[in-house]
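Notes follow the structure.
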Amino acid sequence: MSRELTVGVAQLGPIARSETRAEVVDRLFTLLHEAHDQRVELLVYPELALTTFFPRWWFEDEAELDSFYETEDPGTPGTATEELFKTATEMGIGIHLGYAELTADRHRYNTAILTERDGSLVGKFRKVHIPGHEDHEPHRRFQHLERRYFEESQEGFQVWRAFDGIVGMAICNDRRWPETYRVMGLSGAELVLIGYNTPLHYPPDPTQDPLQAFHNHLVMQSGAYQNGMWVVGAAKGGTEEGCELLAHSCIIAPSGQIVAQAVTNGDELIRARIDFDMCRNYKETLFDFDRYRRPEAYRQIIERKGPVPPP
Ligand code: CDV
């Protein structure tokens, strides 16, 4: 039996600070309908897809900060996304959606939810690597206060059997770390879904600015190839509240090749038919982990956090 799936990426253009959930969900609906027309079975929306990228501002008022978070899982009754998930289920489309999560006991996470084609919950993932800074740095052109507004996940990376394959999730900065892909690769991941919001300007080292698109594809393509898995990158792009965000959403094969790529930096659907069995070409040859990996030679990876140079 062939294990093929039509995957779509619903890249988003900028979301204004004043945009309501209803206005954003309208845009998500437009992309969902387009995906349905193109026979997409799994539609991947970006990181924090329901609001502007609010960590670029310092908030004194906690109620204002709270307004960017969801207190219920997207798709549940009474939420702004209830109809979106209901319609997706009627269309037989699974959804991946990034959002800011505020738990009942007031923990804050940068989260993504994944549902199956029948609407059932596959799983939730909370971002592991939280970039940026904790303190007010008003000298920056824009801030990146993710480390103030989100906790690091204590759950790590998980994979699930879904869509007739083995599927995992990561969020934005997670994609830059090889451990992200390898940990999921060691659980057999065949498809990893990643939403991102990446400013083109990186204040700590602006020499990286012209390399954003290169680094974006570099890390996801190597993660795909070195673990024999499909990788999907879904961007929020364009100029959002004066901050230019990288687009370049893409779908990457286990060979490391990009098979579909966005050509705009706005709302745009891209799609590809993926074959899970293509992962075997790599997982059972060059990257046959059982045969060739040498975990005993990699001990520092779990024993050390930062580098310890020789004396
Ligand atoms: N949303 C992010 O995690 N953005 C980071 C930026 C700050 C470098 C990223 O890795 O793209």
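The values are calculated or read from the model by the stated rules, or taken from the named source; none is laboratory data. This one's a predicted model, so the numbers in the text were calculated from it and none came from an experiment. For neighbour counting, all protein chains shown are included, and Cβ atoms are generated from backbone atoms with ideal geometry for every residue, glycine included. What goes into the accessible areas is simple: the full protein's heavy atoms, side chains included, and nothing from ligands, DNA or RNA. Shrake-Rupley method; radii C 1.70, N 1.55, O 1.52, S 1.80 Å.
Which of the residues belonging to the stretch 136-168 are part of a loop (DSSP other than H, G, I, E, B) and either of a type in the set (Val, Ile, Thr) or more than 22 Å from THR111 (Cα to Cα) (or both)?
Within the stretch 136-168, HIS136, GLU137, PRO138, HIS139, ARG140, ARG141, PHE142, ASP164 meet the criteria.
Tell me which residues, restricted to the stretch 180-213, are under 23 Å from ARG294 (Cα atoms) and surrounded by 15 or more Cβ atoms within 10 Å (Cβ to Cβ).
Within the stretch 180-213, THR180, TYR181, ARG182, VAL183, MET184, GLY185, GLY188, ALA189, GLU190 qualify.
For every residue, the table says whether it meets (1) within 16 Å of the ligand (Cβ to nearest atom); (2) in contact with a Cys (Cβ under 8 Å, 6 or more places away or on another chain); (3) hydrophobic (A, V, I, L, M, F, W, C); (4) open to solvent by 60 Å² or more (accessible area, probe 1.4 Å).
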site: ARG3; (1), (2), (3), (4): no, no, no, no
site: ILE15; (1), (2), (3), (4): yes, no, yes, no
site: THR20; (1), (2), (3), (4): no, no, no, yes
site: THR30; (1), (2), (3), (4): no, no, no, yes
site: GLN38; (1), (2), (3), (4): no, no, no, yes
site: GLU41; (1), (2), (3), (4): no, no, no, no
site: GLU47; (1), (2), (3), (4): yes, yes, no, no
site: ALA63; (1), (2), (3), (4): no, no, yes, yes
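Restricting to helices (runs of 4 or more DSSP H) lying wholly in the stretch 1-93: which have 2 or more residues that are touching a residue at least 60 places away in the same chain (Cβ under 8 Å) and within 24 Å of ALA247 (Cβ to Cβ)?
Because the criterion is at least 2 residues that are touching a residue at least 60 places away in the same chain (Cβ under 8 Å) and within 24 Å of ALA247 (Cβ to Cβ), the helices (runs of 4 or more DSSP H) in the stretch 1-93 that meet it are 21-37.
Quick one: what pairs do we get from the stretch 205-223, first residue closer than 19 Å to SER249 by Cβ, second part of a helix (DSSP H, G or I) and open to solvent by 40 Å² or more (accessible area, probe 1.4 Å), C-beta under 6 Å, 6+ apart or different chains?
VAL219/ARG176
Among the numbered criteria (1) touching a residue at least 60 places away in the same chain (Cβ under 8 Å); (2) hydrophobic (A, V, I, L, M, F, W, C); (3) surrounded by fewer than 19 Cβ atoms within 10 Å (Cβ to Cβ); (4) more than 16 Å from the ligand (Cβ to nearest atom), which single criterion is violated by PHE163?
Failed condition: (3).
State all residues of the stretch 49-61 that are away from the ligand (no atom under 16 Å from the Cβ) and either among the charged types (D, E, K, R) or open to solvent by 70 Å² or more (accessible area, probe 1.4 Å) (or both); if no residue qualifies, say none.
If the condition is that a residue be away from the ligand (no atom under 16 Å from the Cβ) and either among the charged types (D, E, K, R) or open to solvent by 70 Å² or more (accessible area, probe 1.4 Å) (or both), then GLU60, ASP61 are the ones that fit.
Within the stretch 132-144, which residues are farther than 15 Å from GLU47 by Cβ and either in contact with a helix residue (DSSP H, G or I) (Cβ under 6 Å, 6 or more places away or on another chain) or of a type in the set (Gly, Ala, Ser) (or both)?
HIS133, GLU134, PHE142, GLN143
Quick one: VAL259 ticks every box in (1) part of a strand (DSSP E or B); (2) without any contact (Cβ under 8 Å) to a residue 40 or more places away in the chain; (3) open to solvent by less than 20 Å² (accessible area, probe 1.4 Å) except a single one, so which number is it?
Of the numbered conditions (1) part of a strand (DSSP E or B); (2) without any contact (Cβ under 8 Å) to a residue 40 or more places away in the chain; (3) open to solvent by less than 20 Å² (accessible area, probe 1.4 Å), the odd one out for VAL259 is (3).
Please enumerate the residues belonging to the stretch 171-221 that are more than 15 Å from the ligand (Cβ to nearest atom) and in a helix (DSSP H, G or I).
ARG182, VAL183, MET184, GLY185, GLN221
Considering only residues of the stretch 104-119 that are of a type outside the set (Gly, Ala, Ser) and assigned to a loop (DSSP other than H, G, I, E, B), which is least open to solvent (accessible area, probe 1.4 Å)?
Of everything passing the filter in the stretch 104-119, GLU116 is least open to solvent (accessible area, probe 1.4 Å).
Of the residues GLY132, GLY185, only one is farther than 19 Å from LEU97 by Cα, touching a residue at least 40 places away in the same chain (Cβ under 8 Å) and in contact with a Lys or Arg (Cβ under 6 Å, 6 or more places away or on another chain); which? Step through it out loud before you land on a result.
Values: GLY185 fails: in contact with a Lys or Arg (Cβ under 6 Å, 6 or more places away or on another chain).
The conditions single out GLY132.
When the residues of the stretch 120-151 are filtered to those that are open to solvent by less than 10 Å² (accessible area, probe 1.4 Å) and away from the ligand (no atom under 11 Å from the Cβ), which remaining residue is farthest from the chain's Cα centre (by Cα)?
TYR149
Just to be sure, is GLU155 open to solvent by less than 80 Å² (accessible area, probe 1.4 Å), touching a strand residue (DSSP E or B) at 6+ places or on another chain (Cβ under 8 Å) and either among the acidic types (Asp, Glu) or at pLDDT 95 or above (or both)? Working first, answer last.
Values: open to solvent by less than 80 Å² (accessible area, probe 1.4 Å): no; touching a strand residue (DSSP E or B) at 6+ places or on another chain (Cβ under 8 Å): yes; either among the acidic types (Asp, Glu) or at pLDDT 95 or above (or both): yes.
Against the criterion (open to solvent by less than 80 Å² (accessible area, probe 1.4 Å), touching a strand residue (DSSP E or B) at 6+ places or on another chain (Cβ under 8 Å) and either among the acidic types (Asp, Glu) or at pLDDT 95 or above (or both)), GLU155 does not qualify.
Identify all residues within the stretch 77-103 that are under 25 Å from VAL7 (Cβ atoms) and open to solvent by 10 Å² or more (accessible area, probe 1.4 Å); write none if there are none.
THR79, ALA80, GLU82, GLU83, PHE85, LYS86, THR87, THR89, GLU90, MET91, GLY92, GLU101, listed by residue number.
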